[in-house]
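This report concerns only the one structure given below.
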Ligand SMILES: C[S@@+](CC[C@H](N)C(=O)[O-])C[C@H]1O[C@@H](n2cnc3c(N)ncnc32)[C@H](O)[C@@H]1O
């Protein structure tokens, strides 16, 4: 795009909106959340609205041919049964752990830097920087624009969580205390048809290749295994999550589930059960973004072009509902009602076919109109009306206005006789918009398919509409099926708070990339605060009432069209990336013996035993003392195995002690297994090995190792050698100040077939993104600089609204120079194309 010359204005201060009325419990800034008391760590999830008491199934004696009769209390709702349906389930409650913060001060810093760079550079864009598009926008045509982002009061941060929705939602309820606080939930679950289609292996491609043995595939395969009862497992899975959604929803809240026609019928019955049939609000039919699909098993039968949104209220009488409108010219189907024409002469006639089909415009000065009912259900305004020499009476109903009102309508030419009745002449241009209905036929806009980031991906238009219809700015929106992050992006766009989660690391990284890499329009607020709502575009509505009483037309706000502040652009506000706390992972899969009298020690031994056996089938568990927990021995080798804690990192001390214990027993090879490792373990390992004799392997336990289903699959795939990204840190002089520059050289990829780790150079196409924390506190990673391989991300182009040379979005391998800060320590996080993250930490001298 050619630069548009502009008179530079003085750049204004970055201002921000705050969600000022929100005070929520929160996880501590860094580190671990203390666990709940032991007796609260597992809760019963009730899944029964009384059905279990309403039903009795008797067993007929052997050989009895009488029909089986279900004896059910007829006052209860009919319902759906599936194999293994239960009315209660024990669910462990795991805390959330914050792994990464994209904080407001960091974003402000980045904006300041983007602005400075934009002013300094007039030519080529800086390459591959996350905010490169922002810089470019500022530089090329919007220098004077303010850069905004929405922030929240200290007590709130948006959340992108890696984890199973069941456990994440339990955690939101019990740790974050969000029961009754969520205004809207949007769920786009797998459709329960083909479990192959709902996951993606790589961050940078929507094409899956089964030969790529990456662990995300394993996770999903494991999930597929746990859905071995097909639709039965699927209904159980949804039922559990829907009950949790209900518990999280505010009294005025809404739950939407997106589904195809394969299961819309079963899901609706299920949602009737969970929310109560009375709380059914609507079944929206919307046009799919990605073309038609064939019905299951037949390619020649009627193609499906629509999906559905099942919408239930937590409590329908209390439902928050904001009527939205579509502008009349934008949709055609509803226009059918307006089939008459009033010519400037006053003559009225039906539209011709060409006029109705839009092939011929109506003559200038004419009005298209509909002949609307002039009566109302309230029989309070009953009188004989004389019009054009005839007398009309509204009984058994009443007129919609008084005698005086009718006189005004007659004077304004707004009445017409239709057979034996009299009607109101309602011009199409009395109100240029229609209330939206449950048919959304404008959501399948062509072009989305080429912009696919994720293998299954909802049109943002659908999600934006659902959010705008049921929430206000600042309200909390939850999507337990994050995928590419459509709901989070739409919530961010509309100034709502959001939480989203996904089991897939690929999904989490696609979402993070999308959120951080785009710009948004900035909307005007009524009073500078999001809680005060936005200013909206309005349209005037001439109503029968306004005509009958000579009133000004009614002013109607278009609540999905906030007024845009053209002097500002906006970037994503702060959020935190979290995962389920690792420390009680074992509780929820039944690894812990729960008999009375078994205390902490028993628990720990059990955990160590499980992990050691998963690592090596031949592991012989050692006694309770010492840091060598197991020994694996055969003719070729004798390996000491030491397992890191569930609740934290493997420390340098553990490695040292394990090595000493191993040496004391004559073992020269030590494998230290951990969920996470302290920053300096690489150096400790080298130092120990340099002293000779001993070989130390640091082994990462994959975060989902104890996940449901996985333990049954090939256990050797659950562990990988700890391999850190290869970086270089150099000092550079910048004036008087010494600054630091970081270069990413390579990333370690684990080849599961050959069980080896191979270093790939950073420019070999395996790095999806890397992040730099300029001042790592040793605990929580903060993104200060972010670099993406944007080559395959067409949405960036769309955000920029510009044609961009793909080279401009190649991954940048050098950081921006930055000063040494207080912790004198940096961390670099690399996300590979499979969504795996690895972090390396370097002390700065
Ligand atoms: C149909 S996709 C959602 C796509 C999303 N609407 C979008 O626009 O990108 C469903 C997502 O749910 C995730 N998922 C499936 N089961 C899950 C579970 N138990 N917990 C969390 N996420 C899950 C899958 O990994 C997948 O990314």
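Each reported figure results from applying straightforward, stated rules to the coordinates on display, with no laboratory input. None of these values were measured; they are calculated from a predicted model. All Cβ positions, glycine included, derive from the backbone under ideal geometry; neighbour counts span all protein chains shown.
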Row for segment 35-94, column shape: gyration tensor on C-alpha, a ≥ b ≥ c, rounded if a/c < 1.5 i.e. under 1.5, prolate if a/b over b/c, else oblate; value prolate
With each pseudo-label sitting 7 Å past Cα toward Cβ, what's the residue 80-residue 566 distance in nm, one decimal?
5.0
Spin-label point model (7 Å from Cα, Cβ direction): what's the residue 360 to residue 322 distance in nm?
4.3
Full-extension gain between residue 411 and residue 690, please, as 0.36 nm times their residue separation minus the C-alpha to C-alpha distance.
90.3 nm
Starting from the Cα of residue 728, step 7 Å along the direction of its Cβ; do the same at residue 384; then give the gap between the two resulting points in nm.
10.2
Fewest to most neighbouring Cβ within 10 Å: what's the order for 257, 68?
68, 257
Per the Kirkwood definition applied to all pairs of different Cα atoms, how many angstroms is the hydrodynamic radius of segment 314-410?
16.9
On a C-alpha basis, how far is the centre of segment 235-275 from the centre of segment 65-113 in Å? Whole number, if you could?
9
For peptides 398-408, 92-102, sequence by mean Cβ density within 10 Å, most packed first
92-102, 398-408
With 10 angstrom as the radius, rank 174, 167 by how many other C-beta atoms surround their C-beta, starting from the fewest.
174, 167
Ordered by fewest other Cβ atoms within 10 Å, a rough proxy for footprinting exposure, 430, 261, 479 read 261, 430, 479
In whole Å, how far is the Cα centre of segment 524-556 from that of segment 461-487?
25
Sequence gap at least 6, Cα distance under 8 Å: using those rules, report the relative contact order of segment 480-525 to the nearest whole percent.
45
